[in-house]
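The values are calculated or read from the model by the stated rules, or taken from the named source; none is laboratory data. As the structure is a prediction and not an experimental result, all values here were calculated from the model. Cβ atoms come from the backbone with ideal geometry, glycine included; neighbour counts cover every protein chain shown.
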Amino acid sequence: MNISVVGLGVEGQQATLSLLQRGHNVYSSDINRKIDLTLLNEGMSKDFENNLDLEIGSHNLDKIFKSDAVAVSPSLFAKQISKDIIARGIFISDVLENHKNIKTIAVTGTNGKTTTSHMIYNILSNNGHKVVIGGNGGGGFKGYIDLILEANSNDYEYMVIEVCDMTLEFCRYVFDIDLVIVTNIGYDHMDVHGSIEHYTQEVIDFIDNRPCILNKNDANLQIVADNTENAIFFDEYPEPINLFGKFNLQNAHAAYLAAKYLDVNETIIKHSLKTFKTVEGRTLKLNYNGKEIVIGKTDNVDALKAVLDEEHFDTLIIGTPRKNETCRYNILDYISRYKADRLIIFPGLEDTTYEYVEYLNKLNYTRDVMVIKNICDVIRYLNTQELGKIFIGGNGQYKITEITNILLNDD
């Protein structure tokens, strides 16, 4: 098929690679002349070069509208170009529709989506079902288009989608969702949502009175429940699991109730949760050369608070966000009140370490602060200093995963 990809953010680049890998001819475009194409370039193969027509700085509408199907970046879903594509009947989820016949579970919220999604996937797989999982490219999957392509290429019984909170409207259109799990509604991506109240309304609209499983401990989800007739509440799973933190007990209880709703055998559910292992890049507790370390992506203040409230850490090693994600600087507001002995900052998603230091200065932060620019020096620092109990997190999933793998392999 000849398929176009409109918009080359993370999702668009993932979509381009997924389409090329499946043998399609692809026209991909973005109007931003300075778009970062690192993901696409790193994933490209010489085998794909003759099948990709890449245009940066403009969209060729003639090529797009003559395509057999068009994948649109979720960030462009509300734009006129997306509406025009839908009106022509070539939006990719309207051309490839088999995924809409699969029993579909959507997991969304600010934190805990990936772990909860994988828990549900494991339970269903252990119960003998053929399950496909994927979704949010920023969360570590290959993106929504890859999930559509995979779901349309095999005979699956269940589909589990991790739905980013910034793509609710997009996913509501693209997927035929049977069950929604909302882990929490927290203060992330407020530059997109505008306010917590608007974000809460977006969740209500996304659920659209479908059966849903909501976090009992979240006041905003109480509001959501008041606006739907099909809410079930989760709290904390009452049995032990091999994961760090009360927040993971909440994730486990959400997965448990989802599986119960889907009539999975109780013994299978409990065994799956008891043996579940931490998803790569998510919060893990380990011992490294005699040092007690908790490590995991905590890219917003609610995620960070959930970990730091579990126990006191003497040393915080925190990755920084992108330059345009100033809404995530409120992580430092919480850290300034936390009173760890020392704070180490490293470039997470981008090198905004200078901006982080400036922000700390404005907060009159007086405890020890150090900037470490690369992963090797972070490891060297861990090996040469007495740091007490250590937490490594913040922004930068790939770098945090890299540090985790080094610590596990060196131990």
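Among all residues of the range 23-35, there is none that is within 15 Å of Phe170 (Cα to Cα), among the basic types (Lys, Arg) and free of Cβ contacts under 8 Å to residues at least 40 places away in the same chain.
Looking at the range 166-282, the strands (runs of 3 or more DSSP E) lying wholly inside it that each contain 1 or more residues that are modelled with pLDDT of 95 or more and touching a Pro at 6+ places or on another chain (Cβ under 6 Å) sit at 179-182. For the range 127-137, the condition of being under 24 Å from Gly9 (Cβ atoms), in the same structural domain as Lys270 (by TED's automatic domain parsing) and more than 15 Å from the chain's Cα centre (by Cα) holds for at least one residue.
Looking at the range 16-58, which of its residues are under 20 Å from Asp84 (Cα atoms) and buried (at least 17 other Cβ atoms within 10 Å of the Cβ)? Hits for the range 16-58 are Val26, Tyr27, Ser28, Ser29, Asp30. Quick check: is even one residue across the range 191-204 among the acidic types (Asp, Glu) and buried (at least 22 other Cβ atoms within 10 Å of the Cβ)? Scanning the range 191-204, I find no residue that is among the acidic types (Asp, Glu) and buried (at least 22 other Cβ atoms within 10 Å of the Cβ), so the answer is no. Looking across the range 384-399, the residues that are closer than 16 Å to Thr278 by Cα and modelled with pLDDT of 95 or more come down to Ile392, Gly393.
With respect to (1) surrounded by fewer than 17 Cβ atoms within 10 Å (Cβ to Cβ); (2) on the phi > 0 side of the Ramachandran plot, the lone exception for Ser153 is condition (2). Of everything in the range 255-297 that is within 21 Å of Phe233 (Cα to Cα) and under 20 Å from the mean Cα position of the chain (by Cα), the residue that is surrounded by the most Cβ atoms within 10 Å (Cβ to Cβ) is Ala255.
Residues checked against (1) crowded, with 20+ Cβ neighbours inside 10 Å; (2) closer than 18 Å to Val107 by Cβ; (3) under 17 Å from the mean Cα position of the chain (by Cα):
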site: Val163; (1), (2), (3): yes, yes, yes
site: Thr167; (1), (2), (3): yes, yes, yes
site: Tyr187; (1), (2), (3): no, no, yes
site: Asn217; (1), (2), (3): no, yes, no
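Per the conditions (1) surrounded by fewer than 23 Cβ atoms within 10 Å (Cβ to Cβ); (2) under 18 Å from the mean Cα position of the chain (by Cα), the sole criterion not satisfied by Gly143 is (1). Take the conditions (1) in contact (Cβ under 8 Å) with a residue 12 or more places away in the chain; (2) closer than 23 Å to Pro321 by Cβ; His198 misses just one of them, which is (1). Number of residues in the range 374-388 that are of a type in the set (D, E, K, R) and closer than 19 Å to Ile331 by Cβ equals 0.
When you scan the range 299-311, do you find a residue that is farther than 24 Å from Asp165 by Cα and touching a residue at least 12 places away in the same chain (Cβ under 8 Å), even just one? Within the range 299-311, one or more residues are farther than 24 Å from Asp165 by Cα and touching a residue at least 12 places away in the same chain (Cβ under 8 Å).
Restricting the range 378-411 to residues that are touching a residue at least 24 places away in the same chain (Cβ under 8 Å) and among the basic types (Lys, Arg), which is farthest from Lys285 (Cα to Cα)? If we take residues in the range 378-411 being touching a residue at least 24 places away in the same chain (Cβ under 8 Å) and among the basic types (Lys, Arg), then Lys399 is farthest from Lys285 (Cα to Cα).
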